[in-house]
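Below is one structure, written out as structure tokens, with a few remarks after it.
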Amino acid sequence: MATVTRDGRLDWIGLRPARRMEMVAVAGAELGPDGLDGDHAAPGKRAVTLLQAEHLPVIAALCDGAVTPKALRRNLVVSGINLAALKGREVRVGGAVLRLTGPCAPCSRMEETLGRGGYSAVRHHGGWCAQVVTPGRVARGDAVGPA
């Protein structure tokens, strides 16, 4: 059940410069022991957040509107690989290695951002939290797969 058919791809990188500030999309970033350089994140099991690009249209359909990675406030958006199959395992993203530690639950701000029902639209589609195992550089277009 933990087998994946192929590597995925890193499609988007976003940084949260400070709490409640707008996300900043970047082409690449250094991923240190405490998360992405320039991101306001807590070190440890939630240092980095990942979202599958394939979940964006699902969330949009459930909240009746367009949804962007920036609105969901996740750091990395990947496509072409089922992240759920990698839960608890080490995942290579560009030059870094992460360990998916668990689902990333939506926050109450989803009601502000996506409108009424936004929180429920993101439930079970909100992505994954990860801790940094091996720091390294990540960039859009990098391969994502089991380490």
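Computed values, structure above
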| item | result |
| --- | --- |
| Hits in the stretch 111-147 - residues which are assigned to a loop (DSSP other than H, G, I, E, B), over 15 Å from the mean Cα position of the chain (by Cα) and free of Cβ contacts under 8 Å to residues at least 60 places away in the same chain | GLY115, ARG116, GLY117, ALA147 |
| Any pair with Cβ under 6 angstrom, 6 or more apart, that starts in the stretch 58-82 at a residue that is more than 26 Å from PRO17 (Cβ to Cβ) and ends at one that is among the basic types (Lys, Arg) and surrounded by fewer than 23 Cβ atoms within 10 Å (Cβ to Cβ) | GLY80/ARG9 |
| Of all residues making up the stretch 116-131, the number that are within 28 Å of GLU90 (Cα to Cα) and either charged (D, E, K, R) or in contact with a Gly (Cβ under 8 Å, 6 or more places away or on another chain) (or both) | 4 |
| Residue within the stretch 120-140 that is in contact with a helix residue (DSSP H, G or I) (Cβ under 8 Å, 6 or more places away or on another chain), under 19 Å from ALA29 (Cβ atoms) and either open to solvent by 30 Å² or more (accessible area, probe 1.4 Å) or among the basic types (Lys, Arg) (or both) present | yes |
| Subset of the stretch 1-16 that is farther than 15 Å from VAL97 by Cβ and part of a loop (DSSP other than H, G, I, E, B) - its residue that is most open to solvent (accessible area, probe 1.4 Å) | MET1 |
| Yes/no for ARG92 being of a type in the set (D, E, K, R) and farther than 20 Å from MET23 by Cα | yes |
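The values are calculated or read from the model by the stated rules, or taken from the named source; none is laboratory data. Nothing here was measured: the structure is a model prediction, and the numbers come from that model. In this analysis, Cβ positions are derived from the backbone assuming ideal geometry, glycine residues included, and neighbour counts consider all displayed protein chains. For accessibility, only protein heavy atoms count, side chains too; no ligands or nucleic acids. Shrake-Rupley method; radii C 1.70, N 1.55, O 1.52, S 1.80 Å.
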